[in-house]
Amino acid sequence: MSFRRRLRLDLSPALGALLALSGVMVYCDLVSGGVFPWSVEAAFGMGMRFCLLWWVWSDAVRRRYALMPVWGTFMVLDTGSTTLVYLFASRGWWGIVTLVLYAVAFTSVSWLVAWLV
């Protein structure tokens, strides 16, 4: 699979939702001085879980990767670790490239929000 095709598969609407949610959280952090109400933290946590679950399922469909039947349960119980396991299980060592790409995207969004505020 070519690098261009891999890049196109990695840039999905679910990633856009994750970036938007992260940008909103950075904005809330800057405006409030780091003191959030519990409702904002709860909404962010639920939103991140939903977006990561959406990302895993949509990515599995786009890559035709068969998920285990209990994958949804794992995502609810431990979203972060399960997402990393899926990333490297579906891509192999190309998961590092995807991880770096996403880290650059999230850092860029954080810097852009900080610059605009």
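The values are calculated or read from the model by the stated rules, or taken from the named source; none is laboratory data. In this text the structure is predicted, and so the values were computed from the model without any measurement. Note that each Cβ is placed from the backbone with ideal geometry, even for glycine, and that neighbours are counted across all protein chains shown. Accessible surface is based on the protein model in full, side chains and every heavy atom, while ligands, DNA and RNA are left aside. Shrake-Rupley method; radii C 1.70, N 1.55, O 1.52, S 1.80 Å.
Hey, with R₀ at 30 Å, roughly what FRET efficiency would M68 and V117 work out to, going by the Cβ-Cβ distance, to 0.05? The pair M68/V117 has a calculated efficiency of 0.10. Considering helices alone, the calculated mean residue ellipticity of the chain at 222 nm is -27000 deg cm²/dmol, with DSSP H runs of length four and up weighted by -39500 (n - 2.57) and normalised per residue. Accessible area per residue for the chain is 64 Å², calculated with a 1.4 Å probe on protein heavy atoms, without ligands, DNA or RNA. Coupling constants for segment 96-102 follow from the phi torsions by the Karplus curve (6.51 cos²θ - 1.76 cosθ + 1.60, θ = phi - 60°), and in residue order they are 5, 4, 5, 4, 5, 4, 5 Hz; glycine and proline get x. Farthest towards the positive end of the charge dipole of segment 1-70, among the residues G45, L15, S32, is the Cα of L15, using unit charges on the Cβ of Lys, Arg, Asp and Glu.
In sequence order, segment 40-48 has phi-based couplings of 5, 5, 5, 5, 5, x, 5, x, 5 Hz under the Karplus curve 6.51 cos²θ - 1.76 cosθ + 1.60, θ = phi - 60°, and Gly or Pro positions carry x. Modelled this way, with points 7 Å down the Cα-to-C-beta line, the labels at W94 and Y27 are 3.4 nm from one another.
For the chain, averaging the sequence separation of C-alpha pairs within contact (under 8 Å, six or more residues apart) and dividing by the residue count gives a relative contact order of 37 percent.
For the pair F3 and V40 in one chain, pulling the backbone fully straight at 0.36 nm per residue adds 9.5 nm over the alpha carbon distance. Computed 3J(HN,Hα) for segment 2-13, one whole-Hz value per residue from the Karplus formula 6.51 cos²θ - 1.76 cosθ + 1.60 where θ = phi - 60°, is 6, 4, 5, 5, 4, 5, 5, 5, 6, 8, 10, x, glycine and proline marked x. Once Cα extents along the principal axes in Å is worked out from the coordinates, which option in (i) 43, 32, 20; (ii) 42, 31, 28; (iii) 39, 38, 25 does it equal? Answer by label: (i).
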